[in-house]
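Novice: Got a structure for you, questions after.
The values are calculated or read from the model by the stated rules, or taken from the named source; none is laboratory data. These numbers come from a predicted model, not from an experiment. Cβ atoms come from the backbone with ideal geometry, glycine included; neighbour counts cover every protein chain shown. Heads up: the accessible areas ignore ligands, DNA and RNA and are worked out on the full protein's heavy atoms, side chains in. Shrake-Rupley method; radii C 1.70, N 1.55, O 1.52, S 1.80 Å.
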Amino acid sequence: MMQACMRSQNVHKGIETCLSKIVRHLSIGKTLQYSEDREYRAAAGEARSVKDIFKEEFSPLMKGEIHGVESKIPRETDILIIGGGLVGTAVAYFLKAYSSALGSVTVIERDYTYTRASSMLSAGGIRHQFSVPENVLMSKFTSDFLKNYKQHLSVFEQDPPEVSFHHQGYLFLAPLSSAENLENAVKMQRSLGAKTVLLSKEQLAEKYPWLNLDGIEVGSLGTSGEGWFDPWQLVHSLKAKNLANGVRYCEGEVIEFKMEDVRSADGTRKIIKGVDVDCKDGKHYGCNFSCVINCAGPWAGEIARLAHIGDGEQYGDTSNFIELPVEPRKRYVYTFHCPDGPTLDTPFVIDPSGAYFRREGLGGHYICGASPNDSEEPNIEDLNVDYDFYNEVVWPALANRVPAFNNSKLKAAWAGYYDYNLMDQNLIIGPHPYHTNFLFANGMSGHGVQHALAIGQAIFELIMYGHYKTIDLSRFSFNRFMDDELVIEDAIV
Amino acid sequence: MAKILLRVFRLRQQRFNVQPLVSPTNVNLRTERTFIFNFKIDKKFNFHDILLWLQHDYKLSWQEFRCYMFGKQRRKAAELMLAEFSETESESEFVTFIMTRGGYVKFYNDDVWYTKLEKGGSPLTTKQLEPLYAEGVDVTNIEYPKVWIEKMCSPELRYFKIHDSVEFDDWCMLTLLELCPNIEAIDISGCTGVTDNGLEILHQARNLRVLNVARCTGIKFAEALSTYLLDFCPELLVLGIDTIQDNDHSSHISAHEQGHSRYLNWGLIMDHHLGLQNTLNLEKFETKTITDDTEKRLPD
């Protein structure tokens, strides 16, 4: 009613002057003024003073706003997604796009400029060549989605989305020792419908004359659905669609999880009830939820620690003693220029040494990188680039593989974080065995860009139906660390 | 609102048993101009779908409804198309599909372009088709290339033509090159979905000799890409580069963009999002020529 009254500006002004007089007269102006001190706004279900409620109700009036502005963080929501990067946005998209009956979805993101988001700082590649069948299926799902992305992600009154998908396959090179593994992997991929072909040394020499094939016996190439795209564009078109579908995006940082004691058959147990969010306007907001999804990427381990995952010993829980084994790691991507390098027929080449490169545009620019050894992991405090790593590791490997790269010049470089799963470098998805309303979507270890959409679909199915429907990801559940059934992926770049 | 609509739908269902169907193509890229509204009588009126649609918190707009119907129509048409193909892929099946849908097929050692009969149906029986190989196809009249192009099965194909198709894009191009490695001429004039990334993959077709990219406004660097392509396809002749207009000039903005661009229509969209009524009366700002009469009326 109040909002309706305020539509007319004259009425609004009148009420304001009138109320300010009353306020001055009653000398309660101090309490109604906006203090800059840090304050806490309670979540739903917590007791609040009548004063606070009135203050909120009259705030648009005192500020001279036409409408009541929604609070920064909702007091309660059905599903809370921590992290608004590619995975978080994809999860929110599938939750809202395919079922509006699921209720409200809120995304909490710390940094809207995505300066440290892993997806934006990656090479943006997508491949079907994995040794674990679930990974192949997830990549295939992403390819199929991107095939029809205009139908999925168009929003009324906005320009059609564009992800600029470059169709170039991945080329995995293997020496004689690992040729059999590659052959088996290709067989498995083909049986799942991926279009991968095995190329012998002669075929490789004929197809890619610029490649030095010393010590290479066989290569596998993806002919369809593989390539690279712009993750930034995908995140933004997903986000635009989410906003149109009614997903609420909030800026803030989760600082605390609130637990509640609940009586059950075997004594009391703790459940996760809500979070406290630190907002940029200097306030703390409480937010209760029924279900929370951890999409914090490299910082997922920190969020899990806040949610008391892994410190069950304090409370005497025997089922909650394993921490989420995800930590940030730093990887570098280098851009170099080579005027005589390969042009249109450059696949995303992956050398047996672990170095990779791909074409970037047509002016003879390439981007490359490699993974360091476990003992030489760089410091993760800042995003500074180690140029010695290029000169000592990456460049020698690439120049050996492509002789034309001997005549090349390093142009630029950047660093990005990797959400590294310490146990088996694979996805962790699904609910925590003890805190069943805490869902994971973490530890992709560099495959987040290509698997994010499939993860979104899987989480949607878990919440909507209670089990996986399109791709069975139950092997990737958190329980595998308790049962010691790790899923090892061979094709890690 | 929902209740009223439900009643309207129910009444319509009882009286006419009529389902509104909309002529299909790409849902969001359609322009008003090409929009045709048909009524088609269908006994299976799926009421559940409309209930599902009403459950969403949509702004109940005509555009939203149209989009929903386009999507539904497309799904239905895709199902019908795929039902024509059996699991064992054979060329005769694909060629029959093209001819019955109104496309043109030319066979080896034959100068005739075959198409469907006036009554409908294929002019050649499957027995007659068995010894024949398709040399060229013109599939301009067949809608939804994304659906059926994966069923394409003619490895000896040399000539492929599809023009002014909204749905034909880079992914379709990739499938075409994969399934027809011996292709020599591709005519994609007017296919705005094809972009630079679609031209890049043409290096796979080593036998390619003619490429027509006239009016493909999605392609930005046609000249540069065609010189790069010459390294792989030495006999290549690229036609129609002159007709690709400069995208820098606003006069070439497509009808869709003019209707939907954020930047061109920012005023309307702002009103829509803020819930403000457009109270500005534009007549106020019209310049009025001051005549002798008005001068007299002006106060001193």
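Novice: Could you point to the residue in A:Met188, A:Ser143, A:Ile126 farthest towards the positive end of region A:97-193's charge dipole, with +1 and -1 charges on the Cβ of Lys/Arg and Asp/Glu respectively?
Specialist: A:Met188
Novice: Counting only helical runs of four or more DSSP H residues, what would the 222 nm mean residue ellipticity of chain A come to if each run contributes -39,500 (n - 2.57) and the total is spread over all its residues?
Specialist: The helix contribution divided over chain A gives -9000 deg cm²/dmol.
Novice: Amide H of A:Ala441 versus every other amide H placed in the peptide plane: which residues, excluding those fewer than 5 positions away on the same chain, fall under 5 Å?
Specialist: A:Asn294
Novice: Note down the magnitude of the dipole of region B:84-201 about its Cα centre, charges +1 on Lys and Arg C-beta and -1 on Asp and Glu C-beta and zero elsewhere, to the nearest 20 debye.
Specialist: Computed charge dipole of region B:84-201: roughly 440 debye.
Novice: Then there is this: Once phi is turned into θ = phi - 60°, what whole-Hz ³J(HN,Hα) does the Karplus curve with 6.51, -1.76 and 1.60 give for every residue of region A:447-455, x standing for Gly and Pro?
Specialist: 9, x, 5, 7, 10, 4, 5, 5, 5
Novice: Determine the relative contact order of chain A: mean sequence separation of Cα pairs under 8 Å and six or more apart, normalised by residue count, in whole percent.
Specialist: Reported as a whole number, the value is 20 percent.
Novice: Another one. With +1 on each Lys and Arg Cβ and -1 on each Asp and Glu Cβ, how big is the dipole of region B:122-185 about its Cα centre, in debye rounded to the nearest 20?
Specialist: My answer is approximately 240 debye.
Novice: Between region B:138-200 and region B:86-134, how far is it from one alpha carbon centroid to the other, in angstrom?
Specialist: Measuring centre to centre over Cα atoms gives 18 Å.
Novice: Treating only the Cβ of Lys, Arg, Asp and Glu as charged (+1, +1, -1, -1), what charge dipole size does chain A show about its Cα centre? Round to the nearest 20 debye.
Specialist: Roughly 1960 debye for chain A.
Novice: Output the 0 to 90 degree angle, nearest 10, between the alpha-carbon long axis of helix A:9-26 and the longest principal axis computed from the alpha carbons of chain A.
Specialist: 60 degrees
Novice: Okay, moving on. Near the amide H of A:Tyr420, under 5 Å away, which other amide H atoms are found, from residues 5 or more places off or on another chain, if H is placed in the peptide plane?
Specialist: HN-HN under 5 Å from A:Tyr420: A:Glu327, A:Arg329.
Novice: Give the ranking of A:His467, A:His284 by solvent-accessible surface, highest area first, calculated with a 1.4 Å probe.
Specialist: Largest accessible area first, the list is A:His467, A:His284.
Novice: With the crude spin-label approximation of a point 7 Å out along Cα→Cβ, what separation in nm comes out for A:Thr115 versus B:Trp113?
Specialist: For the pair A:Thr115/B:Trp113, the computed spacing is 6.0 nm.
Novice: So, one more: Can you give me the % of accessible surface on region B:101-143 that is carbon or sulfur? Probe 1.4 Å, all protein chains present, nothing else counted.
Specialist: Carbon and sulfur atoms account for 48 percent of the accessible area of region B:101-143.
Novice: I'd like the residues of region A:160-184 whose 1.4 Å-probe accessible area shrinks by no less than 50 Å² going from the isolated chain to the full set of protein chains.
Specialist: A:His167
Novice: Over both sides of the A-B contact, add up the buried accessible area with a 1.4 Å probe and give it to the nearest 100 Å².
Specialist: Looking at A and B, the buried total is near 3200 Å².
Novice: Something else now. For chain A, find the longest principal axis of its Cα atoms and tell me its angle to the long axis of helix A:179-191, 0 to 90°, nearest 10.
Specialist: So the helix axis and the longest Cα principal axis differ by about 50 degrees.
Novice: Moving on to the next point. Would you mind checking the tilt of helix A:133-147 against the longest principal axis of the Cα atoms of chain A, expressed as 0 to 90 degrees and rounded to 10?
Specialist: Taking Cα atoms only, the helix is inclined about 70 degrees.
Novice: Rounded if a/c is under 1.5, else prolate if a/b beats b/c, else oblate: with a ≥ b ≥ c from the C-alpha gyration tensor eigenvalues square-rooted, which is region B:68-173?
Specialist: Prolate is the answer for region B:68-173, as a/c is 1.5 or above and a/b outweighs b/c.
Novice: Now for a separate question. Note the full-extension length gain between A:His365 and A:Arg190 as 0.36 nm times their separation in residues minus their Cα-Cα distance, in nm to one decimal.
Specialist: Separation in residues times 0.36 nm, less the Cα-Cα distance, equals 59.8 nm.
Novice: Do you know the relative contact order of region A:270-318, to the nearest whole percent, from alpha carbon pairs under 8 angstrom that are 6+ apart?
Specialist: Dividing the mean separation by the residue count of region A:270-318 yields 22 percent.
Novice: Give the residue from A:Phe172, A:Leu199, A:Gly222 lying farthest towards the positive end of the charge dipole for region A:171-279; charges sit on Cβ (+1 for Lys and Arg, -1 for Asp and Glu) and the dipole is referred to the Cα centre.
Specialist: Result: A:Gly222.
Novice: For each pair in B:Lys76/B:Lys220; A:Lys72/A:Lys411; A:Lys207/B:Lys76; A:Lys150/B:Lys151, compute the distance between the two Cα atoms and list the pairs where it is over 32 Å.
Specialist: B:Lys76/B:Lys220; A:Lys72/A:Lys411; A:Lys207/B:Lys76
Novice: Dividing the alpha-carbon radius of gyration of region A:282-383 by 2.2 N^0.38 Å (N being the number of residues), what value is obtained?
Specialist: Its radius of gyration relative to the 2.2 N^0.38 Å reference: 1.68.
Novice: Given labels modelled 7 Å from the Cα in the Cβ direction, how far is it in nm from A:Thr436 to B:Arg75?
Specialist: Rounded to a tenth, the inter-label distance reads 3.1 nm.
Novice: How far apart, in nm, are two points set 7 Å out from the Cα along the Cα-to-Cβ line at A:Phe54 and at A:Ile380?
Specialist: 5.0 nm
Novice: By the gyration tensor of its Cα atoms, with a ≥ b ≥ c the square roots of the eigenvalues, what is the shape of region A:212-339: rounded for a/c under 1.5, prolate for a/b over b/c, or oblate?
Specialist: In terms of gyration-tensor shape, prolate.
Novice: Quick check: from the Cα gyration tensor, does region A:158-212 come out rounded (a/c under 1.5), prolate or oblate?
Specialist: Taking the square roots of the gyration eigenvalues as a ≥ b ≥ c, region A:158-212 is oblate.
Novice: Report the gain in length on full extension from A:Ile255 to A:Glu302: 0.36 nm times residue separation, minus Cα-Cα distance, nm rounded to one decimal.
Specialist: Using 0.36 nm per residue and subtracting the Cα-Cα distance, I get 15.9 nm.
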